[in-house]
Structures are given as C-alpha cells and as structure tokens.
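Down below is the structure, laid out as structure tokens.
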Amino acid sequence: MFWLKLAQLIINRRVPMLLLVLLSTGFMAYQASQIKLGYELAKILPQSDENFKLYEDFKARYGEDGNVIAVGIETQKMYELQTFDNWYDLNQHIKAIGGIKNVVSNANLVEIIRNDSLKRFDFKPLVSRKPKKQSEVDSVRAKIDQMPFYKGLIVSQNGGAHLMLITLDQSKLNSKNRITISEEIKAEALAFGKTNDVHVHLSGMPYIRTEFMALVKSEMTLFSVLAFAVTALILLIFFRSGIVMFVSMFVVALGVLWSMGWIVLFGFKISLLTGLIPSLIIVIGVPNSVFIINKYHQEYARHGDKMKALTTATEKIGETTFWANITTSIGFGVFYLTGSPLLLEFGLVAALSVMATYAVSLVMIPVLFSFLPPPQKRHVARLENKTITAFLRWVNGIVQTRRSLIYSVVAVLTALGIWGITKITAIGYIVDDLPSDSAIYTDLKFIERNFNGILPFEVAIDAQRPGRALQPQTLTKIKLMQKEFAKYSEFAKPVSLVEAIKVVYQAYRGGDPKYFVLPPVSELNKLTQYINTVDGKENAIKGFLDSTRQHTRVSFQIADVGTRRITELYDTLQPKIDTIFNFDRETGQMLPAADRYDARITGNSVVFTKGNTYLQKNLVESTLLAILLISILMVILFGDWRMILIAIVPSLVPLLITAGIMGLAGIHLKPSTTLIFSIAFGLSSDGTIYFLTKYKDEFRNAKRSVQDAVTQTILFTGISMFYTAIILFSGFAIYAASTFQGTVALGILVSITLLMGMASNLILLPAFLLTLNKRMATK
C-alpha cells in the first residue's frame, strides 16, 4: 500500500516533485563546484591507533617527515666546468621558487672551519659563487671527497650519481600550491637535463603524492566520461531509443552531482578512493533506470495506458530497487564502521550517493516519461528478443532438469576458489599501483639503486628528562642503534645528532676524514665550548632536537621494499632498539622505569605499512559484516530464515571464485583490492533480491506452483538482470584503462564477479528454490 501511494504521489504531483528534485540537485551542484583534491598522506589508520598517534606527535614536534623532493642524475661529467655551472644554476633557480625552504647539493655545501682565536666554528660556503675555472671545480670536488657525511647522501658510493635534496615549506606541503611548486621544480630539472644531455630523475614523497593526485584528477574525469559513453551505448543498443538513453543518463548525471556534493558537505576531499565514486554512481545508478523502464514497457505492452503503466512500474520496481539499493549501500556502508578515515569517507559518501541516486531515479524516470510520448512498437518489441529469450529458456531447462550437474560444477569451482585463496599474498608498495615503466616508478628505483631509498623511516627518541638527549650515554646508544640498522641493505645513511657531531668533530680535528667518528667523552667536552658559540645555525638542528633537549630523532631512508619486508624489519629492529636503550649490560637487567628511554619506530613508510595491515584485517570484518546485515535484510524481506541460505550462497560463490582468481593470478591483497569483496557482494545481492521479489510475487500473488513461479521469474526478471549484468560488467571494465594497477584489478575482478553473480542468481538460486520445495514436498 505504501509503494502504491508513493507511486500515485509521484505521478499526480509530478511538477512539484520535478521542481523539488531539480532545486535540491542544484544545491548539491553548487556544493560540487567547491570540491578540492586532497594532497596530504591518506589516513588509513583510525585516530585511536597507537601508531597513528605516535606519528602525529612526531609531526607536531619535528614537522612532516616526507617533505623532501629529490632531483637525481647519473653522469661522469658532474665536475666538468660547464656541467657543474649548470647544476649550480639549477640549485639557485630552484631555491628561488616560492615555497622552497632549503636546497642541498654539492653546489651549495658549507665547510666548517675551526676558529681557535674566537673558540668557535665558522661556516664557509664551499661554493661562494659560480665557478669560472675548471681548477675551482676541481677544488670543490677534492673537498667533497674529504667529507664522508655526504657519501651516500648526495653523492653515491661510486661517485657516479648525484642528488639535489629540496625541502618544502611545511605550510605549502599539504596545499594545492604543492602542484605549482612540483611543476616548477620539474620544469627546471628537465631543462637542465636537456641542456646537458642527461636523464633527470625526480622522486620523494611530496613529488610522488603530487603526481599521484594529478593522475587521480585526470582519471576521475576519464572514468566519468567512459562510464557515460559505455552505459549510454549499451542503453541505446538494448532499448533502441535515444529518448530512453538521454533520460537515463540525465538522471544518472544528477546522481553524480549528488555524490560530489556529499563529498563537499562532509568536508572531505578527493582521494584515490573518493575519486572513483562519480564513475561508480554512473555504473551502479543505470540499473535503476533499466528495471523501471523495462517494467514500464511491459505494462504498457499489456494495456496501452501510459500513466497506469508508469504508476505500476514505480510501485512494483520502486520497492524492489529500494531493497536492492539498500544491499548495495550496505556493501559500501560497512567501510564507515572501520574507523579508518580513508575508508570511512569512501563508505559514507558512496552509500549515501547510491541511495540519493535511487531516490532521484524513482522520481525523475516516471515524471520525465509522463511528459514524453508513449513507447513505440519497436521499443517494446525488444522485450521479445529471441537470442536473450532462447538463452533464458536454456537456463530454465537446466535449472528444472539438471540440478545435480549445477551443484557439481559449483562445488568444483568453489573448491578451486578455496585453493586459490590459499595462494593470496598480502603485500603493498608505495608505488606498486603504477606500471613498471611509469616515470614515478623508474625514478624511485634509480634512487634506490644509488642511494638505497628515499621513503622516511624514523626513530623517535624520548630521553624522559630535559637535556638528556645530548648526554654522551644517549649519543652512544644512538650510535649503537645506527650500527644495527647498517646491517640491513634496505636503509640509506642516517641523519641524526650523532652524524652532526661526527661532522663537527672532523672539522675540529682539521678536516681529516678519519676523525668522522663520535668522539670520546673527553673530546666531547672540548667541543662544547666551540659548539656553544655557534650563531645562526640553531635552525639546522631544530628538526632533530627539541628546545628542551629531551626529544630527538634518527632519520633513515628506506627502499620501497613492500609492507611485508617493512613489517619484518619493524618486528626485528624494535626489540633491538628497546634493548640498546634500556638494557643495562653491567647488571644484566633492564633499566629502572624512571631511567628508561622511549625509543620507537615511526615515519611515513611505517604508517603506510601499519595501515595496509589494518586494511587486510578489516577486509574480513567488513565482508562478514556485510554478509550479516544483508542476511538480516533477507529474513525481514521474505520472513523465512531458510532464505539466508538460499539468498546468501549464490552471492558468496562468486566471491570465493574471484578470491581464488586473485591468488592464482598473483594479484596481491592491498588497499586498492580490499574493496572488491564488500562491493561485489552488495551488488551481487541486488540480483538476488530482484529474483526473489519476482518469485515471491509469482508464487503468492499469482498462485503459481514453485516450478511455474521459477520459470516465469527466469523468463521475465532474467531480461532485466541480463541487461543490468552487461551494464555493470562493462561499467566496471572501464577501470582496466586506469594507470593504477590496483584500480585495474578492482575493475576486472568486480566485472568477473558480477557476471558470475548474474549466472549464480539465474541458475544456482532457482535450483536451490526447487530443491528446497522438493524436500518439503517429500516430508
């Protein structure tokens, strides 16, 4: 009764309803015009997570750790006059770009001179002006060769590769100004490369994130256009009507505006996941139109009354598509409960967008068609498509007579899927979503080959008492920790207070490289009077020592070795760090609680790894939650607990097979692929609801036998399910055009799952119904 009254309200009050939808969509369109890209690191871990809180405290104290862009070249001509002068100019040009805090390269280093008369150190530029003679460049090279600190930091160990490290201003790091800064740096660097006939590599977290978001922005537009084009073409082929195509796509476009408006209303920004929502809404929203228009055409073909046909279609399909969209929303909405900001935003916006698009479709489709001419004979004739009808009759035949074969095939495929699941590996890389020939990927690998890596891996040290971070015993512990890290080839050279003191001590001893060591306590005391008179260099250590001298950090750079290896390193090194800082070798016991240090591993790469692990754990929880909620929904809808088995299994089997394909194809479980299962399960459950609702109507209202009800449902609902499956398959398949490999996997695997879901709902589901009826009859 409710749905009949709602249908009559929509048709009888069509002008006010039309204005209501258009005005509300206009408001959402205005909100959508304010949409912004997010440039900060994606927040995967929930705010209550200890690793997240540690990292946020770290950034509050020292600033963002991933704020360095690296420009790298490999050449034997670096110290030729022309090349070095051009490198010097590049250094100066980049330093002049707004938003650049500092630039470090072999063209702007300083040397430390011991001044005994004033008991201080003088800091003298190694290159005070652009060299004019080759001898000046040779002199610079000779001095740099005597500075071990820079070996492996800005000059590779073999001397063939060179880095320019560019530190961005913190205030510009997470704003859209970063795009301009990155583009200017890139332009200057590429110009240098062209002039000197050398390949230039750009990397570093700010650069990688900027390039990522530029790709996300371009793909957001690309996928929206592709989704519109593909679904519009399929609608035109299926319905043979330009009017149906334009009305359907117009309605879906309104849904897209709602989805973008939600993002702004909640204060979110476009991320790798929320950037997919507009194209998802196009693909998911079109089936609403397909079912309503199909029913409208069927009813009109029966009695020729347009308004009555629209009312019936709105009433019957409105209820069915409502519950189907609820299941789809559940598939997205479970991500809201994860606590992960990244997934929370995606789940909330996607779930609300699905329901908003449903509401817009329910109103706009019948209202717009009420103003248009009724369908012509060729439009309704396609309901008798011989090919599709023959296929559905074949399906009905094997369901009615070959159920044992159906169950055997499903059992074999399920077994293969379970076997494949055992081969799934959970591992993620910072840039593994990009193809191996991508410039971002190859440039990062260049840095790793020559400098071990550039991804931040930090150790935050709390000495527990002011002034203790600079005490000799603390420095010795840091030295021992760095020695432990040096055993692992994945790490680049550290930057820390210990390294800074080694540089100063080398200068104190006249610049001899053999004194690039941590001095004994007696020598440290001598250094103190020189260090205390240093003026103007306080900012140089602010990033490594707080004002109370209680907190310090040791910064390592690590290669993009994957979350599994980083987890192994974390699990191995953290206990060793605890032992180094808090174990008293003399007593053989841990230090008293009051004397212990709090030294913990953190940093960009660690948080990414912990987030990846969190997502993998959440995959199981979110999928199980979606299954539970949809099971409860099935019981409510059909009033029979046995419907849980009948309705859920046909949607679960495709998921098991898809997971098996992932394992056998070597597709890793990572953030971009964890979404597949909940989304696919929600969409597959749509077909289950369409089928069971029609079956229930045929069995109870039309008073048909189970066999006849199943046959009628396959032949009539099967047409819409077939159209919907093709649209969804094609719509998700467009993601195969993505630059991001995870998005490609998402599109292909969801497409395969949905096709299998259609087959499962048309074959396995009715087979279950018939088997259940046979057993009940036997009893």
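The values are calculated or read from the model by the stated rules, or taken from the named source; none is laboratory data. As the structure is a computational prediction, the values presented were derived from the model and not from experiment. Counting neighbours? That spans all protein chains shown, and the Cβs are built from the backbone with ideal geometry, glycine included. Keep in mind that these areas ignore ligands, DNA and RNA; they rest on the heavy atoms of the full protein, side chains included. Shrake-Rupley method; radii C 1.70, N 1.55, O 1.52, S 1.80 Å.
Report, as a whole number in µm² per second, the diffusion coefficient that Stokes-Einstein gives for the chain at 37 °C and 0.692 mPa s using the Kirkwood radius over alpha carbon pairs. Show your work: numbers first, answer last.
Details: Rh = 29.9 Å.
Using the Kirkwood radius from Cα pairs, D works out to 110 µm²/s.
With the other protein chains left in place, how much accessible area per residue, in square angstrom, belongs to the stretch 498-650 at a 1.4 angstrom probe? Provide the component values of the computation, followed by the final result.
On the way: 7310 Å² over 153 residues.
Solvent-accessible surface per residue comes out at 48 Å².
Cα atoms only, the stretch 293-366: Rg and Dmax in Å?
Using the Cα atoms of the stretch 293-366, the pair Rg, Dmax is 16.2, 53 Å.
7 Å from Cα along Cα→Cβ at both Leu770 and Val409: what's the point-to-point distance in nm?
1.3 nm
Assuming 0.36 nm per residue, please report the length gained on full extension of the stretch Glu183 to Lys703 beyond their Cα-Cα distance.
Details: separation 520, 0.36 × 520 = 187.20 nm, distance 6.95 nm.
Here the segment from Glu183 to Lys703 would lengthen by 180.2 nm.
For the stretch 151-269, what is the Kirkwood estimate of the hydrodynamic radius, computed as the reciprocal of the mean inverse distance between distinct Cα atoms, to one decimal in Å?
Numbers: mean 1/r = 0.0536 Å⁻¹.
That comes to 18.7 Å for the stretch 151-269.
Using a 1.4 Å probe and counting only protein heavy atoms, arrange Val409, Val256 so the residue with the most accessible area comes first.
Details: Val409 75, Val256 15 Å².
So, going from the largest accessible area down, we get Val409, Val256.
Taking only the alpha carbons of the stretch 418-539, what extent do you get along each of the three principal axes, in Å, biggest first?
Principal axes ranked by extent give 67, 33, 27 Å for the Cα atoms.
What is the Cα radius of gyration of the stretch 721-760 over 2.2 N^0.38 Å, N being its residue count?
Numbers: Rg = 10.1 Å, N = 40, 2.2 N^0.38 = 8.9 Å.
Normalised Cα radius of gyration, the stretch 721-760: 1.13.
More than 20 angstrom separation, counting every C-alpha pair in the stretch 125-184; what % is that? Display every interim value, and only then the final one.
Working: 866 of 1770 pairs.
Counting pairs separated by more than 20 Å, the tail of P(r) holds 49 percent.
Quick check: pseudo-label points 7 Å beyond the Cα along Cα→Cβ at Ala759 and Leu527, how many nm apart are they?
7.0 nm
Can you give the accessible area per residue of the stretch 135-194, in Å², using a 1.4 Å probe?
Working: 2770 Å² over 60 residues.
Using a 1.4 Å probe on heavy atoms only, each residue of the stretch 135-194 averages 46 Å².
For the stretch 248-355, what is the largest minus smallest coordinate of the Cα atoms on each principal axis, given in angstrom and ordered from greatest to least?
Here the spans come out as 53, 24, 19 Å, largest first.
What is the gain in length, in nm to one decimal, between Asp584 and Gln8 on full extension, counting 0.36 nm per residue of separation less the C-alpha to C-alpha distance?
Values: separation 576, 0.36 × 576 = 207.36 nm, distance 8.19 nm.
Stretched out fully, the Asp584 to Gln8 stretch lengthens by 199.2 nm.
Counting each DSSP H run of 4 or more residues in the chain as -39500 (n - 2.57), what helix-only mean residue ellipticity at 222 nm follows after dividing by all residues, to the nearest 500 deg cm²/dmol?
Working: 27 runs with 495 residues, N = 779.
Result for the chain: -21500 deg cm²/dmol, rounded to the nearest 500.
Angle, helix 2-12 long axis vs. longest principal axis of the chain, Cα atoms, 0 to 90°, nearest 10?
90 degrees
Given R₀ = 30 Å, FRET efficiency for Asp571-Asp437 by Cβ-Cβ distance, to 0.05? If you can, show how the numbers build up before the last one.
On the way: r = 33 Å, r/R0 = 1.12.
Approximately 0.35, to the nearest 0.05.
How large a share of the accessible area of the chain, in percent, is made up of carbon and sulfur atoms when the probe is 1.4 Å and the other protein chains stay in place? Numbers along the way, then the final one.
Values: 19470 of 32950 Å².
Carbon plus sulfur share of accessible area: 59 percent.
How far, in degrees from 0 to 90, does helix 472-485 lean away from the longest principal axis of the Cα atoms of the chain, to the nearest 10?
Computed tilt is about 50 degrees.
Between the stretch 583-659 and the stretch 320-358, what is the separation of their alpha carbon centroids in Å?
Taking the Cα centre of the stretch 320-358 as reference, the centre of the stretch 583-659 is 19 Å away.
What do the square roots of 5 times the Cα gyration tensor eigenvalues come to for the stretch 679-779, in whole Å, largest first, as semi-axes of the equivalent ellipsoid? If you can, show how the numbers build up before the last one.
Values: eigenvalues 218, 34, 15 Å².
Sorted largest first and rounded, they come to 33, 13, 9 Å.
Using only Cα atoms and rounding to the nearest 10 degrees, what angle (0 to 90) does helix 306-333 make with the longest principal axis of the chain?
Taking the Cα atoms of the chain, the angle to 306-333 is about 30 degrees.
For the full complex of protein chains and a 1.4 angstrom probe, list Leu20, Leu444 by accessible area with the highest value first. The partial results should precede the final answer.
Numbers: Leu20 105, Leu444 0 Å².
I get Leu20, Leu444, largest accessible area first.
What distance in nm lies between label points placed 7 Å from Cα along the C-beta direction at Trp419 and Lys269?
If labels sit at Trp419 and Lys269, their model points lie 4.8 nm apart.
Note down, for the stretch 602-660, the three equivalent ellipsoid semi-axes (square root of 5 times each alpha carbon gyration tensor eigenvalue), biggest first, whole angstrom.
On the way: eigenvalues 229, 37, 5 Å².
Ellipsoid semi-axes (Å, largest first): 34, 14, 5.
Restricting attention to the alpha-carbon atoms of the stretch 677-727, what are Rg (one decimal) and Dmax (integer), both in Å?
12.1, 37
Let me test this: with uniform point scatterers at the alpha carbons of the stretch 650-706, what is the Debye-based log₁₀ I(q)/I(0) at q = 0.12, 0.14, 0.15, 0.19 1/Å?
Taken in order of the listed q values, log10 I(q)/I(0) reads -0.43, -0.52, -0.56, -0.71.
Give me the net charge of Arg129's neighbourhood, meaning all other residues with Cβ under 11 Å from the Cβ of Arg129; Lys, Arg count +1, Asp, Glu -1. Each step should come with its number before you reach the end.
Details: positive: Lys130, Lys132; negative: Asp85, Glu136.
Its environment carries a net charge of 0.
Direction-averaged shadow area of the convex hull around the Cα atoms of the stretch 213-270, nm²?
Numbers: hull surface 16.8 nm².
Its average projected convex-hull area is 4.2 nm².
State the volume of the convex hull built on the alpha-carbon positions of the stretch 74-148, expressed per residue in Å³ and rounded to an integer.
130 Å³
Count charges around Leu54 for me, please; just the other residues with Cβ under 15 Å from its Cβ, Lys/Arg as +1, Asp/Glu as -1. Spell out each step's value before the answer.
Numbers: positive: Lys43, Lys53, Lys59, Arg61, Arg553, Arg600, Lys610; negative: Asp49, Glu50, Glu56, Asp57, Glu64, Asp65, Glu458, Asp462, Asp578, Asp598.
So the environment of Leu54 carries a net charge of -3.
Using the Kirkwood formula over every pair of different C-alpha atoms, what hydrodynamic radius in Å results for the stretch 182-233?
Values: mean 1/r = 0.0750 Å⁻¹.
Computed over the stretch 182-233, the radius equals 13.3 Å.
Calculate the FRET efficiency for Lys124 and Gln92 from the Cβ-Cβ distance with a Förster distance of 22 Å, rounded to the nearest 0.05.
Details: r = 18 Å, r/R0 = 0.83.
The value I calculate is 0.75.
Size of the stretch 400-484 along its principal axes in angstrom, Cα-based, largest extent first?
Its Cα atoms span 84, 36, 20 Å along the three principal axes.
Between Ile541 and Leu628, what length in nm is gained on full extension when 0.36 nm per residue of separation is reduced by their alpha carbon distance? Don't jump to the answer; show the numbers that get you there.
Working: separation 87, 0.36 × 87 = 31.32 nm, distance 5.44 nm.
That pair, Ile541 and Leu628, stretches by 25.9 nm at full extension.
What fraction, in whole percent, of alpha-carbon pairs in the stretch 321-469 exceed 20 Å separation? Could you put the intermediate results ahead of the total?
Numbers: 8876 of 11026 pairs.
Cα-Cα pairs of the stretch 321-469 separated by over 20 Å account for 81 percent.
In whole angstrom, how far apart do the alpha carbon centroids of the stretch 208-252 and the stretch 133-202 sit?
Cα centroid of the stretch 208-252 versus Cα centroid of the stretch 133-202: 42 Å apart.
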